[in-house]
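Heads up, the thing below is written out as structure tokens.
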């Protein structure tokens, strides 16, 4: 399988290339406008084919593309390859507005192609090991609450970049019901001057309480997840360890030793899932609906915050 990697900046180098270059049966083609970086990484990973213009890729017999370029470039590049008849992976977010996201999913549906989103937190093995079936309706595994909190130190920003480029991670992670609007949702926000510093959202799905939070004026960069079932709860402050609280006792839980960090953060599982989607030629409808819904919900959050300060 030949996959073109478009944009090989920081996230591609740290999270994707170390995994993709180790997979059997995968041949990579690099594409980026930065000539020096292109030459350096091609030499490092022994990549034979490199290009500086993504439009050149339609003549080199690739099977799929992965887009890791800047957010603003996603819609144009994604639409180009969907029209070429190729499965597309896009690092979150798909775009910085819901309108472009809707158009891209309409295009993917028209051409019957998978449009895959890079939400690696859906594949974190430690979390999935202890609550793999959050959609289950059985009394033994009924989810009562899920809170996902992602914080950063001294990094307030403009509203749309804050929400779409960063907050969309915790927002999607709790969006298990593919919510796409603000109906029944409570939203709070804080500013530092004209820059957005914190966002909290809270809503209820049946008997399940869902919360997503991001504070970018926090004392440290961290991520915390709290999950509650009847008389059983889990608390995580990392991707590799946490606590199980049950029967009035606390048990420390950890990922197995020597688990690579990229696997612990869900990137390995996500990439393996993406490869399986390319081979199958389709993405589950429920996954596509959640991908789009999380972007639509992010748009609604943006618009409400912008309206509150206008």
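Results, tabulated for the structure shown:
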| read-out | value |
| --- | --- |
| Residue 146 vs. criteria more than 30 Å from residue 254 (Cα to Cα), modelled with pLDDT of 95 or more and either assigned by TED's automatic domain parsing to the domain that holds residue 60 or not in a helix (DSSP H, G or I) (or both) | no |
| Flag for residue 19 being under 18 Å from residue 270 (Cβ atoms), in a strand (DSSP E or B) and either in contact (Cβ under 8 Å) with a residue 40 or more places away in the chain or in the same structural domain as residue 93 (by TED's automatic domain parsing) (or both) | no |
| Filter result (over 23 Å from the mean Cα position of the chain (by Cα), surrounded by fewer than 16 Cβ atoms within 10 Å (Cβ to Cβ) and either assigned to a strand (DSSP E or B) or not assigned by TED's automatic domain parsing to the domain that holds residue 175 (or both)) within the stretch 188-232 | 190, 191, 192, 195 |
| The stretch 264-291: number of residues that are assigned to a helix (DSSP H, G or I) and within 24 Å of residue 63 (Cβ to Cβ) | 18 |
| Helices (runs of 4 or more DSSP H) contained in the stretch 23-139 and holding at least 2 residues out of contact with any strand residue (DSSP E or B) (no Cβ under 8 Å at 6 or more places or on another chain) and modelled with pLDDT of 95 or more | 35-45, 74-83, 98-110 |
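Yes/no matrix, rows are residues, columns are (1) closer than 20 Å to residue 212 by Cβ; (2) surrounded by 15 or more Cβ atoms within 10 Å (Cβ to Cβ):
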| position | (1), (2) |
| --- | --- |
| 104 | no, yes |
| 158 | yes, no |
| 164 | yes, yes |
| 167 | yes, yes |
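The values are calculated or read from the model by the stated rules, or taken from the named source; none is laboratory data. Bear in mind that the values here come from a model prediction, so they are computed numbers and not experimental data. Heads up, the Cβs are rebuilt from the backbone with ideal geometry, glycines too, and the neighbour counts pull from every protein chain shown.
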